[in-house]
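The values are calculated or read from the model by the stated rules, or taken from the named source; none is laboratory data. What you see is a predicted model; the values in this text were computed from it and never measured. FYI the Cβ positions are ideal-geometry reconstructions off the backbone, even for glycines, and counts take in every protein chain you see.
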Amino acid sequence: MSDIFKLEKALAVEISKIDSKAYLVKLRENVKWHNGQVFSAEDVKFTIDTIKALGDKTIYISNVSSIESVEVLSSNLIRINLNEEIPFFEYNLTFPIISKELFVGDNVEESDKNNVPMGTGKYKLRTIDNSQIDLEENTIWWNSQNTNLRINKIEIRIYGSISEVYNSYKLGGIDMITTKTLNTEDIIRNYRISYRRRI
């Protein structure tokens, strides 16, 4: 199979098909959530069960709709049982995992904890409001020793209109903007933007 279609594993290190309707998934060890809690197979089972319970309220329902049950075999090993054979089912295992410890007992759909997302990735949320999201380096990221992380902080600014975006660019608040329009001369003239064209 071409590398372009090769599944890139993140929290799983091995996915094995053990029969036509069952898979073993071995999870990466020594992974921690941003708050320092240990990531485990219980989180994966909790996530799949939660997605199935939410049904059509989540875009990930099609990823798990064929899953009949999830068995936790150890802290880093789960068995997924399907209700029918699904060719290349492992490609469905591409959805975000949520922390069982964080959400257990909560209504996941309505929880305020959704406003402060927590993951296991290389960046974690520092602050969030209506105008800006600030991310910072996750110093306990499981893959930090294998990456050359050059960006320590990321600022995501939220604008209410395209005029605000162009104005911020003009004032130096944004380094770069993109546009779908082919007529950049109109944008430059209308918003009095200076620019350099590179080839």
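Against the definition (assigned to a helix (DSSP H, G or I) and among the hydrophobic types (A, V, I, L, M, F, W, C)), how does VAL25 come out, yes or no? No, not satisfied. Within the stretch 79-96, the set of residues being of a type outside the set (D, E, K, R), assigned to a loop (DSSP other than H, G, I, E, B) and either surrounded by fewer than 14 Cβ atoms within 10 Å (Cβ to Cβ) or not assigned by TED's automatic domain parsing to the domain that holds ILE48 (or both) comprises ASN83, PRO87, PHE88, THR94, PRO96. Comparison of LYS153, LYS113 shows that the only residue that is surrounded by fewer than 12 Cβ atoms within 10 Å (Cβ to Cβ), touching an Asp or Glu at 6+ places or on another chain (Cβ under 7 Å) and not β-branched (Val, Ile, Thr) is LYS153. Close Cβ contacts (under 8 Å, 6 or more residues apart or on different chains) running from residues in the stretch 48-72 that are under 19 Å from VAL25 (Cα atoms) to residues that are of a type in the set (Asp, Glu) and surrounded by 15 or more Cβ atoms within 10 Å (Cβ to Cβ) comprise VAL70/ASP49; VAL72/GLU42. For LEU135, the criteria (1) surrounded by 15 or more Cβ atoms within 10 Å (Cβ to Cβ); (2) modelled with pLDDT under 85 hold in every case but one, which is (2).
Return a yes/no flag: does the stretch 110-127 have any residue that is without any contact (Cβ under 8 Å) to a residue 40 or more places away in the chain, of a type in the set (Asp, Glu) and part of a strand (DSSP E or B). Scanning the stretch 110-127 turns up no residue that is without any contact (Cβ under 8 Å) to a residue 40 or more places away in the chain, of a type in the set (Asp, Glu) and part of a strand (DSSP E or B).
Filter the stretch 26-38 for residues that are under 27 Å from ASN83 (Cα atoms) and within 19 Å of the chain's Cα centre (by Cα); which is surrounded by the most Cβ atoms within 10 Å (Cβ to Cβ)? It comes out as LEU27.
A residue that is assigned to a helix (DSSP H, G or I) and within 13 Å of PHE95 (Cβ to Cβ) occurs somewhere in the stretch 32-43. The numbered conditions (1) within 30 Å of LYS153 (Cβ to Cβ); (2) more than 20 Å from the chain's Cα centre (by Cα) are all true for LEU135 except (2). Restricted to the stretch 45-78, and to residues there that are assigned to a helix (DSSP H, G or I) and either of a type in the set (Val, Ile, Thr) or not assigned by TED's automatic domain parsing to the domain that holds LYS21 (or both), the residue that is nearest to the chain's Cα centre (by Cα) is THR47.
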